[in-house]
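Contents: one structure, followed by commentary.
Any read-out appearing in this document is the output of simple, stated calculations on the displayed coordinates, not a laboratory observation. In this text, all values refer to a predicted model and were calculated from it rather than measured experimentally. All Cβ positions, glycine included, derive from the backbone under ideal geometry; neighbour counts span all protein chains shown.
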Amino acid sequence: KGFSDPMPFIVVDDSIEAGIAFGMIASLGAGLANPLVAYLTGDTYSEVGGDKEQVQMTHEVMVAIMDAIDKTMMDQVKKFLWTGVGMFFAYLIACACWTYAGLRQVYTLKERYFRIILKQEQGWFDENNAFEFATKVQAQLEQVEMGIGEQLGNIVQMIAQAIGGKLSFKIYKIF
């Protein structure tokens with residue numbers, strides 16, 4: 001015995017829209033971070049490798065090479081550090097926003113379920129066990145929360161990572 005009103009699956013209000021928007025932006029940033037790290041790693045290898053020409057190694061040449069490598073490595077460490085900080089905040093914001101959007105979605109759905117149950121006639125409660133129904137609804141809403149929450153953010157991150165990887169290969173001709 002069902003409801004007279006069909007239940008919409010996804011409900012979007014202003015707070016959910018904001019969570020989804022910020023989560024989408026942060027997920028895109030987090031997804032693009034991995035191709036950036038791959039580029040920085042290749043950049044480090046290229047800069048440390050330097051020229052392929054053979055020179056006679058005197059003490060002065062060796063000291064100059066080591067100083068250049070030290071400066072290059074410090075520059076690369078700074079790039080990796082700032083990329084890591086950016087990745088941390090992108091993942092943190094993405095996780096928080098998608099979790100918030102999922103929780104708000106479930107809260108809105110619970111409110112709608114409750115309103116629909118209250119609109120039922122008394123005979124409906126005679127035919128249906130309200131406690132059993134509430135348990136089923138809660139189980140379904142937990143699945144909705146898991147699907148809309150962090151899982152959706154992970155999908156966006158993976159898509160952004162794949163697109164960023166393809167673009168970096170095309171732009172920098174890594175392979």
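Which whole number of Å³ per residue matches the convex hull of the alpha-carbon atoms in the stretch 122-175? Please list the in-between numbers first.
Working: hull volume 4.7 nm³, N = 54.
Hull volume over Cα atoms, normalised by residue count, gives 88 Å³.
Sticking with the crude label model, points 7 Å out along Cα→Cβ, report the distance from ASP43 to PHE131 in nm, one decimal please.
That separation, rounded to one decimal, is 6.3 nm.
May I ask you to give the average projected area over all directions of the convex hull of the Cα atoms of the stretch 21-146, in nm² rounded to one decimal? Don't skip to the answer; put the middle values down first.
Numbers: hull surface 45.2 nm².
With every direction weighted equally, the projected area is 11.3 nm².
Given R₀ = 41 Å, FRET efficiency for TRP124-ALA96 by Cβ-Cβ distance, to 0.05? Intermediate results must be reported in sequence, preceding the final value.
Working: r = 40 Å, r/R0 = 0.96.
E(calc), rounded to 0.05, equals 0.55.
Could you sort 143-154, 26-37, 106-117 so that the peptide with the highest average Cβ count within 10 Å comes first and the rest follow in order? Intermediate results must be reported in sequence, preceding the final value.
On the way: 143-154: 17.4, 26-37: 21.1, 106-117: 15.2.
Top of the packing list down: 26-37, 143-154, 106-117.
Cα convex hull of the stretch 71-129: how many Å³ per residue? Working shown, then result.
Numbers: hull volume 3.4 nm³, N = 59.
Dividing the Cα hull volume of the stretch 71-129 by its residue count gives 58 Å³.
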